[in-house]
1. Looking at the square roots a ≥ b ≥ c of the eigenvalues of the Cα gyration tensor of the range 528-570, which shape do they give, rounded for a/c under 1.5, prolate if a/b is larger than b/c, or oblate?
2. On each of the three principal axes of the Cα atoms of the range 697-856, give max minus min coordinate, whole Å, ordered largest first.
3. Given H placed on each backbone N at 1.01 Å, which residues far from residue 161 in sequence or on other chains put an amide H within less than 5 Å of it?
4. I need the shape label for the range 760-809. Rule: rounded when a/c is under 1.5, else prolate if a/b > b/c, else oblate, with a, b, c from the alpha carbon gyration tensor.
5. If eta is 1.567 mPa s and T is 4 °C, what Stokes-Einstein diffusion coefficient results for the range 466-588, Kirkwood Rh from Cα pairs, in µm²/s?
6. Wrap a convex hull around the Cα atoms of the range 598-645, take a quarter of its surface area, and give that in square nanometres.
7. Quick one: accessible surface of residue 604, probe radius 1.4 Å, all protein chains present, in square angstrom to the nearest 10.
8. In whole Hz, what ³J(HN,Hα) sequence does the range 468-473 give by Karplus (6.51, -1.76, 1.60; θ = phi - 60°), x for Gly and Pro?
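The values are calculated or read from the model by the stated rules, or taken from the named source; none is laboratory data. Everything quoted here is computed from the prediction, not taken from an experiment. Because the Cβ atoms are built from the backbone with ideal geometry, glycine has one as well, and the counts that use them run over all protein chains shown. Each accessible area value is taken on the protein alone, full model and side chains, heavy atoms only, with ligands, DNA and RNA left out. Shrake-Rupley method; radii C 1.70, N 1.55, O 1.52, S 1.80 Å.
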Amino acid sequence: MNWHQLDTQKVIQETGSSDKGLSASTAQQLLAENGPNELVQKKKKPAWLLFLHQFTDFMIIILLAAAVIAGVAGDLADTIIILVIVLLNAVLGFVQEYRAEKAMEALRKMAAPEAAVLRDGQRTSIPAAELVPGDLVLLEAGVLVPADLRLLESHSLRIEESSLTGESAPVDKDPSPIDEEDLPLGDRLNMAYKSTQVANGRGSGIVIATGMKTEIGKIAGMLQGEDPQTPLRLRLADFGKKITWLVIGICVLLFGVGLLRGEEPVNMLLVAISLAVAAIPEALPALITIALARGARRLVKQNVLIRKLPAVETLGSVSYICSDKTGTLTRNKMTVTGIVPFTEDPLDGQQLSLLEASMVLNQDAVKKKEGGWTGDPTEIALIEYIHGQHDEQAAEKTGREFPRVGELPFDSDRKRMTTIHQQGDRYLVIVKGATEALLDILQDQGATEKIKQETDRLAKEGNRVLAYGYRYLDQLPSELSVDDIEKELQFSGLAGMIDPPREGVKEAIAECKKAGIRTVMITGDHPTTAAAIAREIGILEEKDIVMSGRELGKLSPEELGGKVEQIAVYARVSPEQKLNIVKALQGQDHFVAMTGDGVNDAPSLRTANIGIAMGITGTDVSKEAAHMILLDDKFTTIVGAVKEGRRIYDNIRKFVKYIMTCNSAEIWTIFFAPLLGLPVPLLPVHILWINLVTDGLPGLTLSSEQADKDIMQRKPRRTNESLFAGGLGYHIIWVGILMAALTLGTQAWAIHIGDAHWQTMVFTVLSLAQLGHVLAIRSDTEFIYKKGFLSNKPLIGSLVLTFGLQLGVIYLPFANDIFHTQPLTGMELLACVGVAAFLFHAVEFEKLVRRWIAKK
């Protein structure tokens, strides 16, 4: 039902209430029928089930299978390591999912604990949970609205609704019915909504919805959907499936070829199992988690707090940023942009002009002892402007010499505020308000057209416009009335003010465009204001559309999907519409980042691929629903975070490239050796050492690699892009085969010349070749000679350490017994290092080929 369209008597009739409220017995009956006025939580999964759910991921299942295979092969150390990695991932996933459920709890805490109502004609205070439809609720300044109300009366009632509607200023309420049917929440001036706060005045209203049927209850319902899959999770699942089928295929092929050659079935089974253990990248989930954690730590230094680790990487996939206006793109501080005086005469004996004096006298901002001002943001902007144009003493002198002796407070019917000031033996009346509210009470109607033109000009620039008028009274009436005071005014001028863009926002949006990221403004403000700001900072261009919530409500999901990529500004939108915008963009294969600070933003923050809450102005609900929190509330910080996200994904790809190339080299080495008539080149202990030390240590330090220079000139990755896109799969195959060929070539040569150390040389060549490989893949495009060998110091440290450990395995007597190695001669070691250097230059040459192909 459209309650805002009904008159107050009809509302009382429809709810079965009266001007004395409900009777206690009726209230009890309705409470039994409707249930308590509380937000209902979705039935929680028990903690043990949440924990077990972490083991259903495809990659985790593969790792568990690898643990079983390793155990069967007798490599208990591998089994234990894999199980520890799986357990670590399960614990991290469990903690993240458990914390995500706090969003609903934060929402529940916003409910008002007590409510003042009329029951049986008597004022009484009851727990807000016991409110029922039809209850007559009394409101006063400072209280939380306990349920959704249709207002019956309003006395200077203003309600702070920013957390629900996004409207930055408190809203003046008026109980009169409104004819229009489909109005945004922010325009329903005769309604008050659960969990908003009364900023000023008093009033009363009839409860028309409680619990989950309230507007905030609908938001709570939207918060209970499933979390979207992150790009990393999707790509790892795809990666896990591919590697599994590849390993199974190779193992079956190897086992079959061995049987055809007349090998012992048991021996071939053990070789096939060793191959599987070598192929499964069991350290991958742990190392990715470490890379994400390191990225999250770096982002904290950039004022970004990551709540859910996969969000670090998701940032790099973002193709749309849906940003709130107030406080994120703008400063959230009203500022006067200019004034238009209609008379140049100064006020008698003052430095200030008549308009400037009016701005000083007709306002209630109070200066704080510690500096700064408190009061209405608009009035603070006015007084700060005057202090900026003149010295502070001039404004204080005007205030002293024109003391206020009377006032007519602002109300939403008149849209005016009047103050009366003594000036010797007469009185100065100053009226402030919306332009249209002053035009009808001007003495000279000839200036009306000019006033309208100037007002329109300021409004088109995104300004909120205040008009000022004045008149003189010879004596003060015994009773101040609107009809007697607010008439026959002289027009003194206009003041335009705006919430200006934050510093650096325009440049950040331009950088997003270069990176292929579209920025869209979604705000609770009026379309004109939103469009002006959007145009100034580069969001709104000539071909783009500005759409209001009312227009949006008339579109079907299919129509919105067809238009969503042309819309740059959404104004006066509801929480459900924000959610629909996010879903529409996702339906067009975009990864969406959504910023927000209010309760109304929580559903869209949760549904977006990455929800970004404001750390300073954000509510607890928005922070709990978000994936990351901006500690400084700045849009420019998001752009820095996107760059970090891209860097992290690049580094994860480098790690996958490294680990899979190394693993494929081990596979080809073991697979081709018997086919070429060579003995088994590596023992299980060698494979274990390479997987844990040679793969692990340098691979981990790839997460410290600096971003490539062109990282913010690339387009965002496609949503369906494979982890192996961009030639990564080809690289894994050809470099893996080259590494295996070099290893088997070394083996064949050493056996041919009768070198008894051939197996140690094979082991060392494969280990050192992998170190040469990791050094070369630090960039996909830049040559390492140009980028600099020492630019990633942790990686260089890990190479030195790994090389030292390899030397220990070769030359320490006790290590010779454990690893079945023999000390190499200087020439043998030099040959192994030479092979590694050859591989490094081969991978560098690949970059030259790629550049040549790109130019072609």
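1. Judged from the Cα gyration tensor, the range 528-570 comes out oblate (a/c at least 1.5, b/c at or above a/b).
2. 54, 31, 30
3. For residue 161, whose amide H was placed from the backbone, the distant partners under 5 Å are 171.
4. Verdict is oblate for the range 760-809.
5. Rounded, D is 73 µm²/s.
6. Answer in nm², one decimal: 3.0.
7. Taking all protein chains as shown, residue 604 has close to 0 Å².
8. Along the range 468-473, the couplings run 10, x, 8, 7, 10, 10 Hz.
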